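I have a structure I would like to understand better, so I am pasting it below and will then ask my questions one at a time.
The values are calculated or read from the model by the stated rules, or taken from the named source; none is laboratory data. These numbers were taken from a predicted model, which means no experiment stands behind them. Here the Cβ positions follow ideal geometry from the backbone for every residue, glycine too, while neighbour counts run over all protein chains shown. The accessibility values were calculated without ligands, DNA or RNA, using every heavy atom of the protein model including side chains. Shrake-Rupley method; radii C 1.70, N 1.55, O 1.52, S 1.80 Å.
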Amino acid sequence: MSFRKNSGIGFLSTLSGGCRHGRPYARSHLGSNNRNMSTSSKIKVELDSSNGIAVMKFQNPPVNSMGLDFLTEFSISLEKLELDKSCRGVILTSAQPRIFSAGLDIMDMYGTGPEHCGAFWKAFQDIWLKLYSYSKLTIAAINGSGFAGGCLMAMCCDYRIMADDPRYAIGLNETQLGIVAPFWLKDTLVNIVGHRTTELSLQMGIMYSAPEALKIGLVDQLVPEDKVLSTATNTLAKWLTIPGHAQEISKSMMRKPTVDKLLANREADVKNFVDFVTKDSNQKYLEMYLAALKKKKA
Amino acid sequence: MSFRKNSGIGFLSTLSGGCRHGRPYARSHLGSNNRNMSTSSKIKVELDSSNGIAVMKFQNPPVNSMGLDFLTEFSISLEKLELDKSCRGVILTSAQPRIFSAGLDIMDMYGTGPEHCGAFWKAFQDIWLKLYSYSKLTIAAINGSGFAGGCLMAMCCDYRIMADDPRYAIGLNETQLGIVAPFWLKDTLVNIVGHRTTELSLQMGIMYSAPEALKIGLVDQLVPEDKVLSTATNTLAKWLTIPGHAQEISKSMMRKPTVDKLLANREADVKNFVDFVTKDSNQKYLEMYLAALKKKKA
Amino acid sequence: MSFRKNSGIGFLSTLSGGCRHGRPYARSHLGSNNRNMSTSSKIKVELDSSNGIAVMKFQNPPVNSMGLDFLTEFSISLEKLELDKSCRGVILTSAQPRIFSAGLDIMDMYGTGPEHCGAFWKAFQDIWLKLYSYSKLTIAAINGSGFAGGCLMAMCCDYRIMADDPRYAIGLNETQLGIVAPFWLKDTLVNIVGHRTTELSLQMGIMYSAPEALKIGLVDQLVPEDKVLSTATNTLAKWLTIPGHAQEISKSMMRKPTVDKLLANREADVKNFVDFVTKDSNQKYLEMYLAALKKKKA
């Protein structure tokens, strides 16, 4: 089914101004000194043994939407790197042009039934739990737009470098689609941009252009698009000179209370999502959304 | 008793620089397409059936001070609009020139005894509880200065647009008058401007000029005075195109914990206020304050 | 032992760019109208009876490192001034050139054994508890760099005025030295600069130049170095015209929850520090640090 390929949660938003580009993508060139650790097709992992820096490239065309398969592979890749002592830090980036990730795949929520929806949501929780409390340093090299779950992946990192292009946008646009961000996604945003900006952001489902995202602190730095990955690598290399044990404890001290909230409410959060998304009215909404996607493609 | 007319909590502060204007007021012109729903004399409510936007205009001359009568009418108006399905959003603004509201009316605290003070405070709590958790979208069209309780009304809204005039000021100036803002007012400010700015703001009772208020995030946008109401209307109309159910749940997710804190401590908070304000030393303070007001008027 | 004189926690950091100065210090000139209340040699206290403002000058050459002796004297001085009704506000500043304070003295942690380390940490907790909940107004006149515990002293004040010189830096650089800031130090920073800036700051042990510190809100105001003390005095004098009772309650309302967290966990926090610092690996770290200091001196 062809919808699967571009049914990320944020894709439709691109119609209404979030980002304005839809040309075909091209594979990026890969350096030759890297060890390719990738066993999956949706995420390419390269670990540079010279500096301990792993680059995870999302390559799930056309918009890196996060279906159950993607989430499962992502989770496994994160786990492998966490256990790999030769890996000291991880960079998340996209192999697709102009898009970091369009977020969760609608096709996993539409007409799939409560059981699949529950498994899907658990996998999404799992990514957040792993990435937000990751023991190694992480940097998001945001070389395109990031919608909803795509924005979340970036928010979980220790630092966010975005391509300095106002056509790229990032944010939690769930509300625009009639969906509500879960509390732990809200907490993650509050921890980055504060209470007030989060409130406005979630109420209106705002997508911020790269310069706006910098201004509110949603990303930390803007650089020219062709410097995103190299800047991330250089920044990470510099940070790896700082005592890692103290870094890790400091990170945990900041994030543990937020992580513990979901751990204490994980089942209820799954039930909450499943009840919401399988409701007739909300399935209807997704149907309309997919119809709009189909029309856009045509 | 003529004090009633200008005994708002922040009025005297205008002497010491908060805002610098005191000319007579004029009624603003009202559009002709609106349905006047007002049954009260202190608050004029107009609902535009074409877009579902209600405008509440405070018309309690000269400074929209909030006495028990005003609070009661305000509460009833808010309730009516919340139940009215044709109303989709509410704009708060002032019919008085140069002043949004001077805040709580001192005359309800001076020499009125514990019972009246308790009822007064409960009515104030009630306004906050209703407005801060209002199910419909709200925008403050701040077309003049807002002191203490007047600032609070604006802070409860989902968005704040203020007249771009440095002579207008907004803030919680209670400390300047020897009074302490209650914890829920403090919480509301923390949610908007953060912990540090709140600390300084409350310790010194700072009134921020419109440009300063924008800088610290106490208001969201400045526009020329004659565009405040139209900008609020246009903004609200735009927001009403976003799925309302997701908006409402998002708002509740952000504000419920703050609201629940007062709900769990409402009686203690009333007692705390009554004990404080009826103390001889504090009644003395209010007496001095009213004497200063009288002198100013003369 | 000569290390004692410059073994503050942040001293070495000055090598790696935090601040770039190391010339010999000179005593600052003292005004003639002040009553010298100092009974100690490490902190000079002058109370100006004309305005009730006390100035505490750290004079522990060369870098105002905070050993157990310093902390004890500091605590006693704070207590005396709190009980002294003629004192209405306190300014903290340094008598040493170019340095506010280098923070805790490493010599109190290296080779001193668990008992001494425990007493030392308790004394440090005590300073924070006293200063963060001080009933009188406090202003930090930061006339040089402030590292770790030195930064904390400034963060506890009600307002921070720093010398406008990019060579001066301020921050919590513990992580750079392999040490982790305790939770209450973290909480204090969160209360000032918010969650995100704190996270980055602690993970990387960032020292901010004066202009950077202003930008993130770690300090409130920059003035020319020779105006730091006079600006602090004038600001404090102005604030003393505001009702003090309301000021004090407002301050307590903002800070009490943070203070209560340490009060409820004081013993565990001491144990945590002692266990960490007396570990062989961490003692080794301090040894290397002291060797680097020695080399720098040579």
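For segment C:171-271, what size does the Cα cloud have along each of its three principal axes, sorted from largest down, in whole Å?
Principal-axis extents of segment C:171-271 (Cα, largest first): 42, 33, 22 Å.
Now, a different point. Hey, if we sort A:Tyr168, C:Tyr110 by accessible area with the 1.4 Å probe, largest down, what's the order? Walk me through the numbers on the way to the answer.
Numbers: A:Tyr168 5, C:Tyr110 70 Å².
Most to least solvent-accessible, the answer reads C:Tyr110, A:Tyr168.
Taking segment B:53-137 as the region of interest, what is the percent of Cα-Cα pairs per 10 angstrom bin, listed from the shortest bin to the one with the maximum distance?
All Cα pairs considered, the percentages come to 17, 45, 31, 7, 0.
Assigning unit charges at the beta carbon (Lys, Arg +1; Asp, Glu -1) and nothing else, what dipole magnitude in debye, to the nearest 20, does segment C:12-297 show about its Cα centre?
Values: 33 positive and 28 negative charges, 104 e Å.
Here segment C:12-297 has a charge dipole of around 500 debye.
Still on this structure, please answer the following. Please give the per residue volume of the convex hull enclosing the alpha carbon atoms of segment A:185-231, rounded to a whole number of Å³. List each step's numbers first, then the result.
Details: hull volume 3.9 nm³, N = 47.
Hull volume over Cα atoms, normalised by residue count, gives 83 Å³.
Moving on to the next point. Using a 1.4 Å probe over the heavy atoms of the protein chains, calculate the carbon and sulfur portion of the accessible area of the protein assembly as shown as a whole percent. Let's see the in-between values first.
Numbers: 19160 of 34880 Å².
The computed percentage sits at 55.
Can you list the distances in nanometres, one decimal and ascending, from the A:Arg266 label point to the identical position in each other copy, with the point 7 Å along Cα to Cβ?
Shortest to longest, the spacings are 3.8, 3.8 nm.
Another question, then. Leaving ligands and nucleic acids out of the surface, order A:Glu174, B:Glu115 by accessible area at 1.4 Å, largest first.
If we order A:Glu174, B:Glu115 from most to least accessible, we get B:Glu115, A:Glu174.
Can you list, shortest first and in nm, the gaps between the label point of B:Pro114 and those of its counterparts in the other copies, using a point 7 Å from Cα in the C-beta direction?
Spacings between copies for this position, smallest first, are 5.4, 5.4 nm.
What number in nm² do you get for segment B:81-126 if you take the convex hull of its Cα atoms and divide its surface by four? All intermediate terms of the calculation are to be shown ahead of the outcome.
Values: hull surface 19.6 nm².
The directionally averaged projection comes out at 4.9 nm².
Among B:Ala169, B:Ala148, B:Ala246, determine the one that fluctuates most according to a GNM of chain B built with springs between C-alpha atoms less than 10 Å apart.
Most flexible of the set in this elastic network: B:Ala246.
Among the residues of segment B:171-194, which ones have their accessible area go down by 50 Å² or more when all the protein chains sit together, as opposed to their chain alone (1.4 Å probe)?
Residues of segment B:171-194 that lose at least 50 Å² of accessible area once the other chains are added: B:Thr175, B:Val180, B:Asn191.
Ignoring ligands, DNA and RNA and using a 1.4 Å probe, state the total buried accessible area between A and B in Å², rounded to the nearest 100. Working shown, then result.
Working: alone 13350 and 13360 Å², together 25000 Å².
Chains A and B together bury roughly 1700 Å² of accessible area.
Principal axis extents for chain A, Cα atoms only, whole Å, descending order, please.
Taking the Cα atoms of chain A, the three principal extents are 53, 43, 38 Å.
If you count only protein heavy atoms and use a 1.4 Å probe, how large is the accessible surface of C:Phe74, to the nearest 10 Å²?
0 Å²
For chain C, what is the relative contact order in percent, using Cα pairs closer than 8 Å and at least 6 residues apart in sequence? Spell out each step's value before the answer.
Details: 546 pairs, mean separation 57.0, N = 298.
Contact order relative to length: 19 percent.
Enter the accessible area per residue of chain C (Å², integer; probe 1.4 Å; all protein chains in place). Display every interim value, and only then the final one.
Working: 11600 Å² over 298 residues.
For chain C, the solvent-accessible area averages 39 Å² per residue.
Step by step: find N for the protein assembly as shown, compute 2.2 N^0.38 Å, then divide the Cα radius of gyration by it. What's the final number? Let's see the in-between values first.
Working: Rg = 29.2 Å, N = 894, 2.2 N^0.38 = 29.1 Å.
Scaled against compact globular proteins, the figure is 1.00.
Measuring from the axis that superposes chain C on chain B, report the chain C residue with the minimal C-beta distance, rounded to whole Å.
C:Gly194, 3
Helix-derived [θ] at 222 nm for chain A: sum -39500 (n - 2.57) over DSSP H runs of at least 4, divide by residue count, nearest 500?
Numbers: 10 runs with 134 residues, N = 298.
Result for chain A: -14500 deg cm²/dmol, rounded to the nearest 500.
Which lysines have a Cα lying under 24 Å from the Cα of B:Lys295, excluding residues fewer than 8 positions away in the same chain?
B:Lys5, B:Lys284
Using a label position 7 Å from Cα in the Cα→Cβ direction, what is the ascending list of nm distances from C:Pro224 to the same site in the other copies?
4.1, 4.1
Modelling each spin label as a point 7 Å along the Cα-to-Cβ direction, I'd like the A:Ala264/B:Glu79 distance in nm, to one decimal.
My value for the distance between the label points is 3.6 nm.
Could you tell me the accessible area of A:Ser41 in Å² (1.4 Å probe, neighbours in place), rounded to the nearest ten?
For A:Ser41, the solvent-accessible surface is approximately 80 Å².
One-quarter of the Cα convex hull surface for segment A:170-212, in nm²? If you can, show how the numbers build up before the last one.
Working: hull surface 11.0 nm².
With the hull built on Cα positions only, its mean projection is 2.8 nm².
Are there any residues in segment C:214-247 with a reduction of at least 40 Å² in accessible surface when going from the isolated chain to the assembly of protein chains? Probe 1.4 Å, please list them by number.
C:Ile242, C:Pro243, C:Ala246
Here's something else I'd like to know. Among the listed pairs B:Lys186/B:Lys215; B:Lys256/B:Lys279; B:Lys80/B:Lys122; A:Lys215/B:Lys42, which have their C-alpha atoms separated by more than 30 angstrom in this model? Don't jump to the answer; show the numbers that get you there.
Values: B:Lys186/B:Lys215 19 Å; B:Lys256/B:Lys279 33 Å; B:Lys80/B:Lys122 19 Å; A:Lys215/B:Lys42 41 Å.
Beyond 30 Å between Cα atoms: B:Lys256/B:Lys279; A:Lys215/B:Lys42.
Compute the separation of the alpha-carbon centres of segment B:109-129 and segment A:179-240 and state it in Å as a whole number.
Cα centroid of segment B:109-129 versus Cα centroid of segment A:179-240: 43 Å apart.
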